[in-house]
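See structure below.
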Ligand SMILES: Cc1cc2nc3c(=O)[nH]c(=O)nc-3n(C[C@H](O)[C@H](O)[C@H](O)COP(=O)(O)OP(=O)(O)OC[C@H]3O[C@@H](n4cnc5c(N)ncnc54)[C@H](O)[C@@H]3O)c2cc1C
């Protein structure tokens, strides 16, 4: 059984998280600091060898594996610099769990944690990073002020939002511009407690209505929000960091939400992100997961399609379906990374991330094929509404479906920076 518990190297370097794809690299090099990464990239480029990057290996498809190239495993945790202005500069090889624990010791916390935080900081920069707090804080990359990377000529670069088009593809382009060595981001004060309220709507229609009602009523009042569908039913969870004494206060819910059937679970804030994880990975399971981003006006239709295809099907029990819905504010940051999924969905309000997670038995070919087909159909449905895929997921390499015209700038920049397409090639259908 694979150890998928997290951390660089917990999966073999040939394996992808899905359990369905493996590739053999020509060589594998673990790097512990930026100088080692730079030397490794320079040697690969000089030899005209492709070089791929891997953090915790928790992306899908063939994102973080290498077919015959050099594969760099990022174990760099050499830098942690918390400044007086409360920004932090960290090596990209930290996992979010490690960074959060480190910050907590200094009375600070990350603005947004991925729901599964045992992925690396650099690895999520490659896609954007969303979690329950994206409702109030945007994506993880929205909270980043600079990154350091090693580019296609093996030079160290520091880039930030002021770098316009370059910044637009430095993040969220699956690491195609270069190897991210360090990330500088804002932090927030550590809250002593978290009040978490849960609502259990009876149907997919009621779930949609509750998500929208809570999102608009709770704006500015709650930091975290998430919906869920599984074979047991529906729920909406909202959370707010607070003082322990405030956790059950009706003032936190307010009169507009107070009449609902909430269940309040209060806990120390620092424990909360641990409870979000599902640590019991199942042996012989194919993880066929993908996330989609849609505007508010299309949430009802997206959830209805998801429910029909993934849950209401007679065979659903065989693939243990689960859907998580995140509400996401887009942050006023110019320019946002061009390939960030929230940047690419036209909207005037809240966006919704709909994650569809299917887990058939790895030897059940019919179920595996059905699950792949379901995610493909949902991608077409989502694109039909003007939605976009979150690129870390399992999206069959069908560039024609996913790509659209506004990627020409990204393509030009990447071609200019990396003429031979040696940096992290062959993994994203877009570029
Ligand atoms: C159980 C589980 C739960 C998840 N939950 C969430 C969630 O809540 N929110 C969310 O946003 N995502 C979530 N994801 C997706 C996950 O965050 C992304 O797949 C992320 O990229 C994984 O980071 P990693 O360190 O495992 O990167 P890897 O999978 O190792 O790599 C991902 C991509 O980043 C590139 N890359 C890795 N290191 C670098 C580097 N140093 N420089 C440049 N590029 C690099 C790789 O080449 C690859 O393209 C989840 C995934 C799993 C398996």
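Is there any pair linking a residue in segment 115-143 that is within 14 Å of residue 326 (Cβ to Cβ) and in contact (Cβ under 8 Å) with a residue 24 or more places away in the chain to one that is near the ligand (Cβ under 7 Å from one of its atoms) and outside any loop (DSSP other than H, G, I, E, B), with Cβ under 6 Å and at least six apart or on different chains, and which?
Pairs found: 140/124.
Going by the structure shown, is residue 105 within 15 Å of the ligand (Cβ to nearest atom) and surrounded by fewer than 24 Cβ atoms within 10 Å (Cβ to Cβ)?
Considered against the rule, which asks whether it is within 15 Å of the ligand (Cβ to nearest atom) and surrounded by fewer than 24 Cβ atoms within 10 Å (Cβ to Cβ), residue 105 comes out as no.
Within segment 117-132, how many residues turn out to be more than 6 Å from the ligand (Cβ to nearest atom) and over 17 Å from residue 272 (Cβ atoms)?
3
Name, by its number, the condition in (1) within 14 Å of the ligand (Cβ to nearest atom); (2) in contact with a strand residue (DSSP E or B) (Cβ under 6 Å, 6 or more places away or on another chain); (3) not in a loop (DSSP other than H, G, I, E, B) that does not hold for residue 142.
All conditions are met except number (2).
Scan segment 45-60 for residues that are more than 9 Å from the ligand (Cβ to nearest atom) and either within 23 Å of the chain's Cα centre (by Cα) or buried (at least 23 other Cβ atoms within 10 Å of the Cβ) (or both) and jot them down. Lay out the reasoning, then the answer.
First, pick out the residues of segment 45-60 that are more than 9 Å from the ligand (Cβ to nearest atom): 45-51.
Within segment 45-60, 51 is the sole residue that qualifies.
Yes/no matrix, rows are residues, columns are (1) without any contact (Cβ under 8 Å) to a residue 60 or more places away in the chain; (2) more than 27 Å from residue 77 (Cβ to Cβ); (3) within 16 Å of the ligand (Cβ to nearest atom):
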| position | (1), (2), (3) |
| --- | --- |
| 183 | no, no, yes |
| 190 | no, no, no |
| 199 | no, yes, no |
| 206 | yes, yes, no |
| 210 | yes, yes, no |
| 222 | no, yes, no |
| 227 | no, yes, yes |
| 290 | no, yes, yes |
| 295 | no, yes, no |
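Out of 317, 368, 345, I need the residue that is assigned to a loop (DSSP other than H, G, I, E, B) and either in the same structural domain as residue 163 (by TED's automatic domain parsing) or more than 15 Å from the ligand (Cβ to nearest atom) (or both). Which one?
Numbers: 317 fails: assigned to a loop (DSSP other than H, G, I, E, B); 368 fails: assigned to a loop (DSSP other than H, G, I, E, B).
Exactly one residue qualifies, and that residue is 345.
Taking segment 187-198 on its own, how many of its residues are under 10 Å from residue 108 (Cα atoms) and either in a strand (DSSP E or B) or under 22 Å from the mean Cα position of the chain (by Cα) (or both)?
3
Name the single residue that is farthest from residue 13 (Cα to Cα) among those in segment 62-102 being more than 13 Å from the ligand (Cβ to nearest atom) and assigned to a strand (DSSP E or B).
My answer is 82.
Considering 31, 90, 121, which residue is crowded, with 21+ Cβ neighbours inside 10 Å, modelled with pLDDT of 95 or more and not assigned by TED's automatic domain parsing to the domain that holds residue 145?
Being crowded, with 21+ Cβ neighbours inside 10 Å, modelled with pLDDT of 95 or more and not assigned by TED's automatic domain parsing to the domain that holds residue 145 holds for just one of 31, 90, 121, which is 31.
The values are calculated or read from the model by the stated rules, or taken from the named source; none is laboratory data. Keep in mind that this is a model prediction, so the values were computed, not measured. In this analysis, Cβ positions are derived from the backbone assuming ideal geometry, glycine residues included, and neighbour counts consider all displayed protein chains.
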